[in-house]
Amino acid sequence: MLELILGGYAALIWLVFIKKKWLPWNIKSQIGSAIGGLLLMATIIFTVNIITPGSEDVRVINFVTEVVPRVQGTITKVAVEGNTMVKKGDILIEIDERPYQLKVQQLEAQLAETSASAKSLLQNYDASKANTSAAMAQLDLMKKRLAESSDLAKSGAGNKYDVEYYQAEVQKAQGGYDAAKSSENTAKLKLNAIVGGDNAAVAQIKAQLESARYDLESCIVRAPADGFPVAVTVRPGNYAVSMPLRPLMSFVWYDQRIIAFFDQNELRFVEPGNEVELTLKAAPGKIIYGKVDSIIWASSQGQIAQSGTVPTAPAEMLHAPLPLKYAVKIIPEEMDGEPIPHMPMGARGMGGIYTEHLKPLHIVRMLVIRLHAILNYLVFKLP
């Protein structure tokens, strides 16, 4: 575009000074024309880059999920091939479920047994209360006999051996009562141990059973979203492990983002909602229209890593690193009047943002973008 403006300016100079000779073509006019051309070029460049900043680094970004199973086991079925579109919830991989099915059956049996035992807790508590009452009656009887024998011994009508006997019986009855009372308290605690409306032992088995059923369901690995799997190299017979270092495949989400990177001093007038035009090498000749969603005012250069060391300053003679660019998130709306198609992940291109300032000069950026869209048809490499 600058070449066209410079060519137009040169044509104007030729028309005025050479063709029509409206002004004399001397050393002063020549120097003035050269200086005027430089000023014109500088004014256009600096103004356009501020009111309608452009980026040569526009990227199409997709989310990627590394598919790692929750459970481990032998793969019995691979339900998809790479680069095949699937819907959220579609089956990707099936893992041998027999060990997890057996675990579920085992816990179901334990639950039935524990539930039956829990139903007998009330009967056990009633029986322990009855045992406590009987032990209490026996203790009261022995205390009564001890008191009677003590009175007879004091009056000379009884002997001290009966007193000693009933003292031993009282201690024995007291121990029996304490044991019965302890058994009653234990039965009461077991009866009152309730979690979520179930006995504690039953609730524990139910939780284990729910976890086992979840593991059983996890033997079928499903698509996390609409998209397509890539790098599907697993086959039936491979052993899947629940480790993030060994994913089964990578899953590319159909949902996409467009990010453009700009120098830090280009975004002073950019606001969310500003109109955007961009073109991609993967779609030559096409113009994508959209709006600015947000500016990510952050870069890794402003981050202080958490550590126990004191940050070091660069040496005085070393140059500071170049400032990183800021990313602008763009919402695409249409492509040459048509709905946005699914764009290739990682597609690159260039684009521009149109601010609310000096709108007549926006045409310069528009022409530059359309010129790049046409140049994208060309492949600059030797056959």
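The values are calculated or read from the model by the stated rules, or taken from the named source; none is laboratory data. These figures come from a predicted structure and were not determined experimentally. All Cβ positions, even for glycine, are placed from backbone atoms using ideal geometry, and neighbour counts span all protein chains on display.
Quick one: would you say Leu111 is touching a Leu at 6+ places or on another chain (Cβ under 7 Å), more than 13 Å from Phe251 (Cα to Cα) and either of a type in the set (Gly, Ala, Ser) or assigned to a helix (DSSP H, G or I) (or both)?
Taking the combined requirement at face value, the residue satisfies it.
Can you find even one residue in region 284-297 that is exposed (fewer than 10 other Cβ atoms within 10 Å of the Cβ), more than 27 Å from Asp226 (Cβ to Cβ) and free of Cβ contacts under 8 Å to residues at least 60 places away in the same chain?
Within region 284-297 (the criterion being exposed (fewer than 10 other Cβ atoms within 10 Å of the Cβ), more than 27 Å from Asp226 (Cβ to Cβ) and free of Cβ contacts under 8 Å to residues at least 60 places away in the same chain), the answer is no, since none of the residues qualifies.
Output the residue which, of all residues in region 347-373 that are over 38 Å from the mean Cα position of the chain (by Cα) and in a loop (DSSP other than H, G, I, E, B), is nearest to Asn62 (Cα to Cα).
His357
Select from region 153-195 the residues that are closer than 21 Å to Leu141 by Cα and part of a loop (DSSP other than H, G, I, E, B) and write down the one among them that is modelled with the highest pLDDT.
Asn159
Anything in region 274-307 that is assigned to a loop (DSSP other than H, G, I, E, B) and over 28 Å from the mean Cα position of the chain (by Cα)? List them, or say none.
Residues of region 274-307 that are assigned to a loop (DSSP other than H, G, I, E, B), as a first pass: 274, 281-287, 297-299, 303-307.
Correct list: Asn274, Lys281, Ala282, Ala283, Pro284, Gly285, Lys286, Ile287.
Does at least one position in region 233-254 carry a residue that is on the phi < 0 side of the Ramachandran plot, out of contact with any strand residue (DSSP E or B) (no Cβ under 9 Å at 6 or more places or on another chain), at pLDDT 85 or above and not in a loop (DSSP other than H, G, I, E, B)?
No, the conditions are met nowhere in region 233-254.
Check off (1) buried (at least 16 other Cβ atoms within 10 Å of the Cβ); (2) not in a loop (DSSP other than H, G, I, E, B) for Val80 and give me the number that stays unchecked.
The single condition Val80 does not satisfy is (2).
Within the group Glu66, Glu94, which residue is within 30 Å of Ala223 (Cβ to Cβ), of a type in the set (D, E, K, R) and at pLDDT 95 or above?
The unique qualifying residue is Glu94.
Can you name every residue in region 331-383 that is aromatic (Phe, Trp, Tyr) and modelled with pLDDT under 90?
The answer is Phe380, and nothing else.
Could you tell me how many of the residues in region 208-239 are farther than 21 Å from Ala79 by Cα and either surrounded by 14 or more Cβ atoms within 10 Å (Cβ to Cβ) or basic (Lys, Arg) (or both)?
Residues that pass the stated criteria total 4.
Condition check ((1) touching a Pro at 6+ places or on another chain (Cβ under 8 Å); (2) not assigned by TED's automatic domain parsing to the domain that holds Ala207) across all residues:
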site: Thr43; (1), (2): no, yes
site: Arg59; (1), (2): no, yes
site: Gly73; (1), (2): yes, yes
site: Thr76; (1), (2): yes, yes
site: Ile91; (1), (2): no, yes
site: Leu107; (1), (2): no, no
site: Ala112; (1), (2): no, no
site: Ser115; (1), (2): no, no
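With surrounded by fewer than 10 Cβ atoms within 10 Å (Cβ to Cβ) and either of a type outside the set (S, T, N, Q) or out of contact with any helix residue (DSSP H, G or I) (no Cβ under 6 Å at 6 or more places or on another chain) (or both) as the only criterion, which of Leu375, Leu382, Leu324, Leu361 stands out?
Leu382
Kindly indicate the residue of region 238-273 that is more than 20 Å from the chain's Cα centre (by Cα) and among the small types (Gly, Ala, Ser) and also nearest to Gly352 (Cα to Cα) among those meeting that condition. Step through it out loud before you land on a result.
Step one: filter region 238-273 for residues more than 20 Å from the chain's Cα centre (by Cα), giving 238-241, 260-273.
Okay, now just the ones that are also among the small types (Gly, Ala, Ser), so 240, 260, 273.
Details: Ala240: 47, Ala260: 9, Gly273: 13 Å.
Only one residue fits best here, namely Ala260.
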